[in-house]
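Shown next, in structure tokens, is the structure this report addresses.
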Amino acid sequence: MSVEIKEYLEKGAVVLDVRTQEEWNEGHSEGAKHIVLQTIPDHVDEIKSWDKPVIAVCRSGARSGQATQFLTNNGVDVINGGPWGNVDQYL
């Protein structure tokens, strides 16, 4: 898992945090983008416009897994980074 995260970060991946606004306010990775899971379908074009690989994160890995599945189906190069702290340690 961590190897894949490192590889994606080396490729210039964007960290996409899909937690709620409250969770985001409590702490998040510097430089991460915040799009709440439920609104991801409304932001697909924006995410594609980044033209970078994406690492989705949340609190446990469940919501980021849903986001990863959705974005993969929409042609985005994305992996599930799981809990945001997993990825934060490499930033």
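The values are calculated or read from the model by the stated rules, or taken from the named source; none is laboratory data. Being a predicted model, the structure only gives us computed values, none of them experimental. No Cβ is skipped: glycine too gets one built from the backbone with ideal geometry, and neighbour counts run over all protein chains shown.
Among the candidates GLY75, GLY31, which residue alone is more than 22 Å from GLN89 (Cβ to Cβ), modelled with pLDDT of 95 or more, part of a loop (DSSP other than H, G, I, E, B) and not charged (D, E, K, R)?
Working: GLY31 fails: more than 22 Å from GLN89 (Cβ to Cβ).
The match here is GLY75.
Can SER64 be described as exposed (fewer than 14 other Cβ atoms within 10 Å of the Cβ) and without any contact (Cβ under 8 Å) to a residue 60 or more places away in the chain? Show your work before the answer.
Numbers: exposed (fewer than 14 other Cβ atoms within 10 Å of the Cβ): no; without any contact (Cβ under 8 Å) to a residue 60 or more places away in the chain: yes.
Answer is no for this residue.
Please work out if ILE5 is touching a residue at least 60 places away in the same chain (Cβ under 8 Å), surrounded by 15 or more Cβ atoms within 10 Å (Cβ to Cβ) and hydrophobic (A, V, I, L, M, F, W, C). Full working, then the answer.
Numbers: touching a residue at least 60 places away in the same chain (Cβ under 8 Å): yes; surrounded by 15 or more Cβ atoms within 10 Å (Cβ to Cβ): yes; hydrophobic (A, V, I, L, M, F, W, C): yes.
For ILE5, the condition - touching a residue at least 60 places away in the same chain (Cβ under 8 Å), surrounded by 15 or more Cβ atoms within 10 Å (Cβ to Cβ) and hydrophobic (A, V, I, L, M, F, W, C) - is met.
Looking at region 17-27 only, could you name the residues that are free of Cβ contacts under 8 Å to residues at least 60 places away in the same chain and either among the charged types (D, E, K, R) or surrounded by 15 or more Cβ atoms within 10 Å (Cβ to Cβ) (or both)?
VAL18, THR20, GLU22, GLU23, TRP24, GLU26
Does TRP50 count as touching a residue at least 24 places away in the same chain (Cβ under 8 Å) and among the aromatic types (Phe, Trp, Tyr)?
Numbers: touching a residue at least 24 places away in the same chain (Cβ under 8 Å): yes; among the aromatic types (Phe, Trp, Tyr): yes.
Answer is yes for this residue.
Could you list, ordered by first residue, the pairs with Cβ atoms under 7 Å in which the first is in region 30-44 and under 16 Å from ALA62 (Cα atoms) and in contact (Cβ under 8 Å) with a residue 12 or more places away in the chain and the second is part of a helix (DSSP H, G or I) and polar (S, T, N, Q), at least 6 apart or interchain?
VAL36/GLN21; LEU37/GLN66
Test ASN80 against the criterion of being at negative phi and out of contact with any Ser or Thr (no Cβ under 7 Å at 6 or more places or on another chain), and give yes or no.
Answer is no for this residue.
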